[in-house]
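This report refers to the structure that appears directly beneath it.
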There are 2 protein chains.
Amino acid sequence: MKNKPDASYAYDGLERVIHEKARLSIVSSLAGHPDGLTFGDLKELCALTDGNLSRHLQLLQEAGLVDIVKSFHDNRPLTVCHLTVPGRKRFLQYVAELERVIADAASAAKTATRSNPRTRLATDT
Amino acid sequence: MKNKPDASYAYDGLERVIHEKARLSIVSSLAGHPDGLTFGDLKELCALTDGNLSRHLQLLQEAGLVDIVKSFHDNRPLTVCHLTVPGRKRFLQYVAELERVIADAASAAKTATRSNPRTRLATDT
């Protein structure tokens, strides 16, 4: 995509692999738990189904963001997930861009208060 | 989706229709320009192609977030877009949830500095 100098709302730093809502939940959870989280922990923290969690974890692993270790504990399979070191770095870059979205929204709220809402064509549904 | 009390990273407030990256660009741009933006303005500000912008604007209109007025100016078609009043409200709610993502990330960054990365192999639920 051509990134014009005035594309000030393009938010190119919102890396798509992290931005998707379920994956943002997973990556945020893992960022908050540097000792790792089990599949069961993640399922609860992110309110995801087994199928969705598996699918998104696989995508995150393929993208190099998440490391998944499968082992056995008391004869039961145990899956533990961590953010990789580059994954943590990419998440921090993503969050820095989110901060820009919020700063823009804050300045937009000020503009909207100054503007006369009666002059807007904002019709309701 | 069942919202368990411990689904603390589910971020249910990230409304999907706004969260998608291109639509987030569009809605943020419009929030910053209460007098409305033309199709051409939006294309530049969001760095989107005609096709993508049309498609996402239609979705936003169907979801009641954006109002699109088509008219003529100097015999040329002119499309002007605004956030609707409920659209602005929903965007502010969305941004409040984004602030929670950022607060979680900030507290995660502190946890990560305290934690020793060599000791991570977690326990099961």
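None of the figures in this text is laboratory data; all of them are computed from the coordinates on show. The structure displayed is predicted, hence computed values, not measured ones. Don't worry about glycine lacking a Cβ; one is built from the backbone with ideal geometry, like all the others, and counts go over all protein chains shown.
Over the protein assembly as shown, DSSP H runs of length four or greater, each weighted -39,500 (n - 2.57), average out per residue to a 222 nm ellipticity of -17000 deg cm²/dmol.
Exceeding 29 Å between C-alpha atoms, which entries from my cross-link table qualify? They are A:LYS43/B:LYS43; A:LYS21/A:LYS70; A:LYS110/B:LYS43. Can you show the working numbers first?
Details: A:LYS43/B:LYS43 39 Å; A:LYS21/A:LYS70 25 Å; A:LYS110/B:LYS43 24 Å.
Going by Cα-Cα distance, A:LYS43/B:LYS43 fall outside the 29 Å limit.
Charges at C-beta only: +1 for Lys and Arg, -1 for Asp and Glu. How large is the resulting dipole of chain A about its Cα centre, in Debye rounded to 20? Please report the intermediate quantities before stating the final value.
On the way: 17 positive and 15 negative charges, 107 e Å.
So the dipole magnitude of chain A works out to roughly 520 debye.
Comparing A:ALA96, A:ALA31, A:ALA112 in a Gaussian network model of chain A where C-alpha atoms under 10 Å apart are linked, the largest mean-square fluctuation is found at A:ALA112.
Among B:THR49, B:THR111, B:THR84, the largest mean-square fluctuation in a Gaussian network model of chain B (Cα springs under 10 Å) belongs to B:THR111.
Centre-to-centre, using Cα atoms only, region B:29-67 and region A:48-121 are separated by 24 Å. Across the identical copies, the label point of A:GLN58 (7 Å from Cα in the Cβ direction) is separated from its matches by 3.2 nm, in order from shortest. Using a 7 Å projection from Cα along Cα-to-Cβ, the label point at B:LYS110 is separated from the same position in the remaining copies by 2.8 nm, smallest value first.
Using R₀ = 25 Å, calculate the FRET efficiency as 1/(1 + (r/R₀)^6) where r is the Cβ-Cβ separation of A:THR49 and A:THR84; round to 0.05.
Numbers: r = 25 Å, r/R0 = 0.98.
Between A:THR49 and A:THR84 the formula returns 0.55.
Assign unit charges at the C-beta atoms only (+1 for Lys and Arg, -1 for Asp and Glu), then state the dipole size of the protein assembly as shown relative to its Cα centre in Debye, rounded to the nearest 20. Write down the numbers at each step before the final one.
Numbers: 34 positive and 30 negative charges, 38 e Å.
Computed about the Cα centre, the dipole is about 180 debye.
If R0 is 41 Å, the Cβ-Cβ spacing of A:ARG114 and B:ASP12 corresponds to a FRET efficiency of close to 0.80. In the assembly of identical copies, B:PRO77 has its label point, taken 7 Å from Cα in the direction of the beta carbon, separated from the corresponding points by 5.4 nm (ascending, one decimal). Shielding by partners for peptide A:26-38, expressed as the average number of C-beta atoms from other protein chains within 10 Å of each residue's C-beta, is 6. FRET efficiency for the B:ASP35 to A:ASN75 pair, using the beta carbon distance and R₀ = 45 Å, is estimated at 0.10.
For chain A, what's the relative contact order in percent, using C-alpha pairs closer than 8 Å and at least 6 residues apart? Could you put the intermediate results ahead of the total?
Numbers: 101 pairs, mean separation 31.3, N = 125.
Relative contact order of chain A: 25 percent.
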